[in-house]
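The values are calculated or read from the model by the stated rules, or taken from the named source; none is laboratory data. All values reported here derive from a predicted model rather than from experimental measurement. Ideal geometry is used to build each Cβ from the backbone, glycine not excepted, and the neighbour counts take in all protein chains shown.
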C-alpha cells in the first residue's frame, strides 16, 4: 500500500500538467493536497462584506469558532483567549484577546484589529452586506491591552453567534470605503489556518499556514475550482479528477455505492416554507392556516423533491436543536382533519371543488423566486396538496424585487436558516410581532405579520436570558404556542449533500450548516483539523 | 457539366437577384456597378479610395453608436424591473433591514438618476478608469484581462474550425445540390441547429471524457494544476469542437446557398458554354463569388458566436469572459456590463466593417455604401 502510494506520488510529480492520471494522483490519492469543485464564484474574501460570517472562512479566524459533532454546535475560543462573558443583562460583553497571533502579512494581531473590523462592518461607508446582522452592536471599545468590550443597544444573549466572523488587520480597513472595493476581496489577510496564494477566475489555491496558532494543518494545500454547472461538477467528480464537491440531492444520489466515493448529507437548519399573510382574507384565516399545515404531505416532498435528503418542519426549530426543540410540536399529515376544520369554519366546497366562505373563494397566490428550482418544486407539491382539501394555490414565479411589494398580502415560498447557531437568530425574525410595524427590520422579517402574545413573550425571554435552561424552556414554549396558532406552513429542512473521494483522512465529523453552503462546508468545514497516519 | 446545368434548371430565374431572395445576404449584396469607361488602373485606384472612404465613414459612425448604446444601457438598467440591490446583497437580500438597504443604496449610488451614474462612468472612462465590478469585487480591467484571452482562444479556434468545415462541406453540398451529400448535410444542419449547445456539451463530456476516457471532462487543467500548453490544448478540444459544431449550421447553409446562387449566374452559364471543365468552373468562378456574401455573414453574426460561447464556457467551466456577461447583466453590475456591451458592439461593428472591406476587395461589383 505504501509502495503504491509512493508510485502515485512519483507519477504526480513527473507527469506534466496535462495528464489525467497525474492529476487524479495530485489529489487525495497520494499527496497532502485536496482539490474541490465549488459552484460559487471565487473571490470576494472580505469579512467586512460578510464573507465567512459563520466562521467558515479558511483564511480568517473569528473571536470564537464552532465545535462540530452531531447536534447543536457549541462555541470555543479562537482569537479570544477564553469564551467571552456578559454582564447581568447581556448588554456588555467582555472579550480577552489571544496573545502571540500573527496575520498572514506578518503583522501582530491585537485588540485594535477587533475594534476596527466591527467598526468597518457597522460603518455606513462600507455598505456591508452583513450590517443588519450586527445591528445590536452599538460600539466595540478597547478597554485594555488585550481586552475589548461589545456595548449592545439591547440585551442579546446569543452574541457569540456574531463573533464567528473573521477579524481583519486594522490597517486594511483604516480608510473608510466600500467593502466591495477592498483589496481584501482578492488578497485576504487573516490569521486563519490557510493563506490564499493564487486566485484566477477558475481556481483559488490555498496553502497551509505553517505558523498557525492552533498548529499547522496536515492538509497542506487546498485547491478550489469554480465549476458553475451542477452536471459538470458531477461529471468531473465521476472522472476522478477532483476530490470532492457539493451536488444537489438527486445528482449526489447517483454516486451512492460507487467505489472509493462517499455521499454525505449534512443536517442544516435551512428551512423552506410559505408565509400566510394576516391581511389576506384566505391565508389570514386561522382555520385555513391550520388546515394547510395538516394538508401538506411533507414526507412526500422530501422523498420526491429532495431525494430523501431532508427533514419535516413544523416550526423554524429543527430537532437538532436538542433541548430547545419541542418533540410534541409537529403537524401530522391528516387531510381528512384538514377538510373537517375547513368545513367547520364555514369554508364549504363549491361546484368546482374549491371551497367558498361568505362569497370568498379559497384561493391564494404563492410567489416563489424564479431562479430556485427546489422552491418551484416544493411550491408545486404544496399546491397539489392544498387542492386536495379544496384550496386553490396559484403559483407565480417572480424575482425578489417583484415579490417585495406584495410580501404582506400574498403568500411567498421562503427560505431561512442563514444564522442557525442559536434559536434566536433562527426564529426571532420569522415569528416576532415587532416586525409587524412598518420600517422595523426587513420586509422579509415576519412576512406573515404573525402575532401571538405567548410566542412574543417567550422569544423575548430567549433573547435576553443568559440561563441556558431558561432559554431552552422558552423556545419549547414558542413551539408549543405556535403549533396551536400557526402563521406559516413550514415544510422541510434541507440536508446539504456532498460527494467526496475516500483518502484515509480522519475528519472531525459534521457540523450543523447554515443556508449558504458550498465546499467551505460539508466534510471540509474543519479541513484544518484533519489528520492522517 | 451536367450538375451545373441541373443547378440552372432548379433556379430558372437564376440571376443576381437570387441572392436577395435567399435572405442570407444582407445589404451589401452584389450589385452590378454603374457603367463608366475609364482605364483599369483608374478603376482600381478609385475603388481603393472608395473603400478607404467607407472605412473612415464607418469608424466615425462607431462613436455616436457606442455613445447611444451606452447611454441607452444605463437608462434601461435604471428603468428595468431589476433591482441592483438583489444582486449586491445576494442571499442577504431577505435579512437586510429596510434602513440598511437605504444606506447601501445611497453608498453605492443606486438611488442616483441614470444620467448621473452614466456621466460618472463616462468621466472615469476618459480618465482611464474602467471602474470596479461589483459582481467580482475586482477592477473591470482585471476581470477582462484575466478572462478575455481564454474566450478569444476558445471562440477564435472554434470559429476557424467552423468556417473551414462549413466551407468544405457547404461548397461540396452546393455544387451537387440535391445530391445525397447535400441532402444529408442539410438535414444534419437542421438537427444540430435544434440542439442546445449545453446538451451537446454534456453529451460530449459523457461520451468522450467519461465513457471513452479520451479527453478531460472540463476546466482549463486537470484538478486545478498550473496551466501548461499541452494541458490546455487537450482541454480545449471538446469545448472547441462543441462550439464549432453549434456554429456550423448557419455558416454551412449560407455557403451552400451562395454556391447554388452563383451556379445559376450568367458567367457560369458562359463558362459552361465555352466548354470549361466543371472542377475549374467551381474553383475559379463559383467559389470566389460565393465567398463574398459568406465573409459578410461571419462578420454580421458574431453575436451568435458569443451566445454559443456563454453556454459552452459555463458547462466546460472555461474561465472566459462570456459567463461574466451573464453575471454582470443579472446583477446590474454596470461598470462591467457597460464595458462588455460596448466591447461587443464595437467588435460586431468592426467585424462587419472588415467583412465588407474583404468583400469589396474580392468582388469589384460590390458598392462601398457611399
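Give the stretch A:212-229 a look and list any residue that's under 26 Å from the mean Cα position of the chain (by Cα) and either more than 9 Å from chain B (Cβ to nearest Cβ) or within 21 Å of residue B:203 (Cα to Cα) (or both), or say none.
Going residue by residue through the stretch A:212-229, those that are under 26 Å from the mean Cα position of the chain (by Cα) are A:214, A:217, A:219, A:221-229.
Result: A:214, A:217, A:219, A:221, A:222, A:226, A:227, A:228, A:229.
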Does residue A:201 meet the test of being facing another protein chain (nearest Cβ under 8 Å) and closer than 30 Å to residue A:497 by Cα? yes
Of all residues in the stretch A:406-432, count the ones that are within 25 Å of residue A:130 (Cβ to Cβ) and more than 16 Å from the chain's Cα centre (by Cα). 5
Quick check: is even one residue across the stretch B:239-261 assigned to a helix (DSSP H, G or I), within 23 Å of the chain's Cα centre (by Cα) and within 14 Å of chain A (Cβ to nearest Cβ)? yes
So in the stretch B:199-209, with the set limited to residues that are touching a residue at least 40 places away in the same chain (Cβ under 8 Å) and more than 7 Å from chain A (Cβ to nearest Cβ), which one is surrounded by the fewest Cβ atoms within 10 Å (Cβ to Cβ)? B:200
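Applying the selection to the stretch A:252-265, what residues are surrounded by fewer than 22 Cβ atoms within 10 Å (Cβ to Cβ) and either touching a strand residue (DSSP E or B) at 6+ places or on another chain (Cβ under 8 Å) or modelled with pLDDT of 90 or more (or both)? Steps first, answer last, please.
Restricting attention to the stretch A:252-265, the residues satisfying the condition of being surrounded by fewer than 22 Cβ atoms within 10 Å (Cβ to Cβ) are A:253-265.
Matches in the stretch A:252-265: A:253, A:254, A:255, A:256, A:260, A:261, A:262, A:263, A:264, A:265.
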Being surrounded by fewer than 18 Cβ atoms within 10 Å (Cβ to Cβ), in a helix (DSSP H, G or I) and touching a helix residue (DSSP H, G or I) at 6+ places or on another chain (Cβ under 9 Å) is the filter; apply it to the stretch B:210-233 and report the residue that is farthest from the other protein chains (Cβ to nearest Cβ). B:232
Give me the helices (runs of 4 or more DSSP H) completely within the stretch B:295-370, filtered to those with at least 2 residues that are more than 24 Å from residue B:144 (Cα to Cα), ordered by residue number. B:334-362
Which condition from (1) touching a residue at least 60 places away in the same chain (Cβ under 8 Å); (2) assigned to a loop (DSSP other than H, G, I, E, B); (3) surrounded by fewer than 23 Cβ atoms within 10 Å (Cβ to Cβ); (4) out of contact with any helix residue (DSSP H, G or I) (no Cβ under 8 Å at 6 or more places or on another chain) is the one that residue A:212 breaks? (4)
Considering the stretch A:170-188 alone, what residues qualify as being buried (at least 22 other Cβ atoms within 10 Å of the Cβ) and either in contact with a strand residue (DSSP E or B) (Cβ under 9 Å, 6 or more places away or on another chain) or not in a loop (DSSP other than H, G, I, E, B) (or both)? A:172, A:173, A:179, A:180, A:184, A:188
When only residues in the stretch A:389-412 that are touching a helix residue (DSSP H, G or I) at 6+ places or on another chain (Cβ under 6 Å) and away from every other protein chain (no Cβ under 12 Å) count, which is farthest from residue B:81 (Cα to Cα)? A:389
Matching strands (runs of 3 or more DSSP E) fully within the stretch A:1-119 where at least 2 residues are within 14 Å of chain B (Cβ to nearest Cβ), at pLDDT 95 or above and touching a helix residue (DSSP H, G or I) at 6+ places or on another chain (Cβ under 8 Å): none
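So if I check each of B:89, B:60, which one is free of Cβ contacts under 8 Å to residues at least 60 places away in the same chain, farther than 21 Å from residue A:414 by Cβ and not assigned by TED's automatic domain parsing to the domain that holds residue B:338?
B:60
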Options A:245, A:232: the member that is touching a residue at least 12 places away in the same chain (Cβ under 8 Å) and either within 13 Å of another protein chain (Cβ to nearest Cβ) or within 25 Å of the chain's Cα centre (by Cα) (or both): A:245
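Tally up the residues in the stretch A:73-101 that are within 22 Å of residue A:267 (Cα to Cα) and crowded, with 19+ Cβ neighbours inside 10 Å, please. Steps first, please.
Taking the stretch A:73-101 and keeping what is within 22 Å of residue A:267 (Cα to Cα), we get A:73-76.
When the remaining residues are screened for being crowded, with 19+ Cβ neighbours inside 10 Å, the result is A:73, A:75.
Matching residues across the stretch A:73-101 total 2.
Residues that are under 32 Å from the mean Cα position of the chain (by Cα), touching a residue at least 40 places away in the same chain (Cβ under 8 Å) and under 30 Å from residue A:499 (Cα atoms): find the helices (runs of 4 or more DSSP H) completely inside the stretch A:288-403 holding 2 or more of those. Don't jump to the end; show me each part of the working.
Numbers: elements: A:298-304, A:335-344, A:373-388, A:400-403.
Passing ranges, in order: A:298-304, A:373-388.
Restricting to the stretch A:139-156, name every residue that is out of contact with any helix residue (DSSP H, G or I) (no Cβ under 9 Å at 6 or more places or on another chain) and surrounded by fewer than 16 Cβ atoms within 10 Å (Cβ to Cβ). So that I can check it myself, show each step before the final result.
First pass over the stretch A:139-156, keeping only residues out of contact with any helix residue (DSSP H, G or I) (no Cβ under 9 Å at 6 or more places or on another chain): A:149, A:151, A:153.
Listed by number, the residues that qualify are A:151, A:153.
Being closer than 23 Å to residue A:49 by Cα and surrounded by fewer than 17 Cβ atoms within 10 Å (Cβ to Cβ), is that true of even one residue in the stretch B:172-183? Show your work before the answer.
Going through the stretch B:172-183, the residues closer than 23 Å to residue A:49 by Cα turn out to be none.
Taking every residue of the stretch B:172-183 in turn, none turns out to be closer than 23 Å to residue A:49 by Cα and surrounded by fewer than 17 Cβ atoms within 10 Å (Cβ to Cβ).
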